[in-house]
Amino acid sequence: MNEPQPVPSTTPTRRRFLRITAVGAAAAATGLVLTPQADAITSFVHPGVLHKLSDIQRMKTRIAAGTEPWLSGWNAFKADSYSQSTYTMRGPYATVDRGTTEVHNADFWNDCNAAYQNALMWNLTGTTAHATKALQIIKGWSSTLTSITGKDAQLAASIYGFKLAAAAELMRYTAPSGSWSTTEITQTENLIKNVLVPLVRTFGDAGWGTNCIKAMMAFGVFCNDTSLYNAAVDAFYQHDCCKISRVLMDTGQCVDSGRDQAHTQLILGSMAEACEIAWIQTQDLYSASSNRLLAGFEYTAKYNLGNDVPYTTWGSCQATYTSISTTGRGTLRPIYEMVFNHYVKRRSLPAPWTYSAVEQIRPEGAAFQCDHPGFGTLLFTL
């Protein structure tokens, strides 16, 4: 394949970063060890999990104008089954198991996806039925779920919990007046702190750890808990097995590049989502380790578009791979628009292979098993 040409971009957005001196007792109170590598924060932008109010307004303006590529992205998003106010809730249940018995795993997974997409639909259309559906799911699971078990419990808590927190964050600041009481909101915070946080707070290796990072950041924002959020940022920089400098080499090779391309993209997408939350919260994680995330996306996009890339024997804390994997090669997950828009449009950096991936799958639709937000053409195109 011929080398793609760099993509012209807009003038990068200037950012003001918040600085404080320490995190202190709040971290100790939650049992989280925090040694900040980035400036810790003491307050949050709300809503601030993936989408702030100006992002919602941008989407609404583009949809109303009928301009591309937003219109195609909107058509894909609104047609998705999880975006329907008529979605039939599958839970709630007191117990969910992922990886062992699988009891109610699919129910929680499906409902969290529908909560997130209906919360967005409410914000984009103003149709109350979408707000009602999102809140039905959030309230139901928050008042019922008491435990997540199984060998992959951390993945359920982080991947599904992330979607639930993103939905709850949107609804907390935009729900119709009187539709979500203070008591019910506190109940959702308690679900997050008592059921989800204990599972994700240890982070873990590679894909587990990167999913836990993005989830913990989202949990911190929704719960207005800076100790949770700052601990996740600390893990992004310092955790032995899931920090960005451990997960990605400076060439862009990923710890799972030798495992398969699906898990590689799972890691990349999760790191990008963490970076996007931080950007909204006035922190620049995207530039960490000399824009290491961009190198990862360029390397992975190039390989999955049919080109050769260098490979060094390497792997995660639990496995080593001697060659790059062809398993899943060529199947691009809908994770590329977010990163393309940041590095090219905000920062004016070249990302030719990432752009080629964007072109191949635009408009982005739902992510595989909804591991990611998906629909980046609508949600993240600037």
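Points worth noting:
- Flag: Lys133 does not match the condition of being modelled with pLDDT of 95 or more, in contact with an Asp or Glu (Cβ under 9 Å, 6 or more places away or on another chain) and not β-branched (Val, Ile, Thr).
- Being surrounded by fewer than 23 Cβ atoms within 10 Å (Cβ to Cβ) and of a type in the set (Asp, Glu) is a condition met by at least one residue of the range 233-255.
- Cβ pairs under 7 Å, 6+ apart, first in the range 43-56 and in contact (Cβ under 8 Å) with a residue 40 or more places away in the chain and open to solvent by 10 Å² or more (accessible area, probe 1.4 Å), second among the aliphatic types (A, V, I, L, M) and in a loop (DSSP other than H, G, I, E, B): Lys52/Val45
- In the range 71-95, the residue that is most open to solvent (accessible area, probe 1.4 Å) out of those that are under 17 Å from Lys163 (Cβ atoms) and assigned to a helix (DSSP H, G or I) is Ser81.
- Evaluation of Lys151 against (1) in contact with a Gly (Cβ under 7 Å, 6 or more places away or on another chain); (2) open to solvent by 30 Å² or more (accessible area, probe 1.4 Å); (3) closer than 17 Å to Ala115 by Cβ (one fails), failing number: (3)
- Which listed residue is open to solvent by 20 Å² or more (accessible area, probe 1.4 Å), within 21 Å of the chain's Cα centre (by Cα) and on the phi < 0 side of the Ramachandran plot, from Pro363, Pro350, Pro373: Pro363
The values are calculated or read from the model by the stated rules, or taken from the named source; none is laboratory data. Here the structure is a predicted model, which means the values were calculated and not measured. In this analysis, Cβ positions are derived from the backbone assuming ideal geometry, glycine residues included, and neighbour counts consider all displayed protein chains. Note: accessible area is taken over every heavy atom of the protein model, side chains too, but ligands, DNA and RNA are not part of it. Shrake-Rupley method; radii C 1.70, N 1.55, O 1.52, S 1.80 Å.
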